[in-house]
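Inspection log for the structure reproduced underneath, given as structure tokens.
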Amino acid sequence: MLQQVVHQAKLYAIIVSRHFSENGVHFVTPSHFSQQLAFMKHPAGKTIQPHIHNLVEREVHYTQEVLFIKKGRLRVDFYDDSQRYFESCVLEAGDTILLAFGGHGFEVLDEVEMIEVKQGPYAADQDKTRFTGIDADQVILKNKT
């Protein structure tokens, strides 16, 4: 239900399956990640105390992004920091992924609707380096959701 994409002892991504469900608050990211991801399930009638977030300076070195798949199917291809491909997985409607490190590419398998959340402000061309990805016949599929 929770899957970590690990390559050579480095955590590249965390996938929260659409089937994952546990009561309470479950942070799935390590506390040092600049993007924090939690799953929350609360019963009707639960109250969450009102709060504000304090001004805290943070230093972000890498853009980490979260994709929420609303509709369709999406293949995610994972690359290490040297742009070498190592595996792929398929996400379906209801799945969520945090892309933490390394490179990634996508192929839309069935028309997709998704929401992306990442740190800002967006730095346009300074934010990413594009490179040539794999061909479909090179896919190493690690999960079938």
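Read the figures in this text as sums done on the coordinates, not as results from a lab. Only a predicted model underlies this, so the values are computations on that prediction, with no experimental measurement involved. Here the Cβ is made from the backbone with ideal geometry for all residues, glycine too, and neighbour counts use every protein chain on show.
Tabulated data
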read-out	value
FRET efficiency, 1/(1 + (r/R0)^6) with R0 25 Å, evaluated for residue 39 and residue 130 via beta carbons	0.20
Part-to-part distance (alpha-carbon centres) for the stretch 30-80 and the stretch 115-145, which is given in Å	18
Qualifying GluC sites (Glu not before Pro) in the stretch 14-89, DSSP loop, other Cβ atoms within 10 Å at most 14	22, 57, 59
Listed residues 83, 26, 5: farthest to the positive end of the dipole of the chain (Cβ charges)	26
Charge sum, other residues only, whose C-beta stays under 15 Å from residue 122's C-beta, Lys/Arg counted +1 and Asp/Glu -1	-2
Charge dipole magnitude, Cβ of K and R +1, D and E -1 - the stretch 60-145, Cα centre, debye nearest 20	140
Residues 140, 15, sorted so that the one with the fewest Cβ neighbours within 10 Å comes first	140, 15
Sequence of 82, 34, 21 once ranked by neighbouring C-beta atoms within 10 Å, starting from the fewest	82, 21, 34
Order of 98, 11, 55, 2 under a 10 Å beta carbon neighbour criterion, fewest first	55, 2, 11, 98
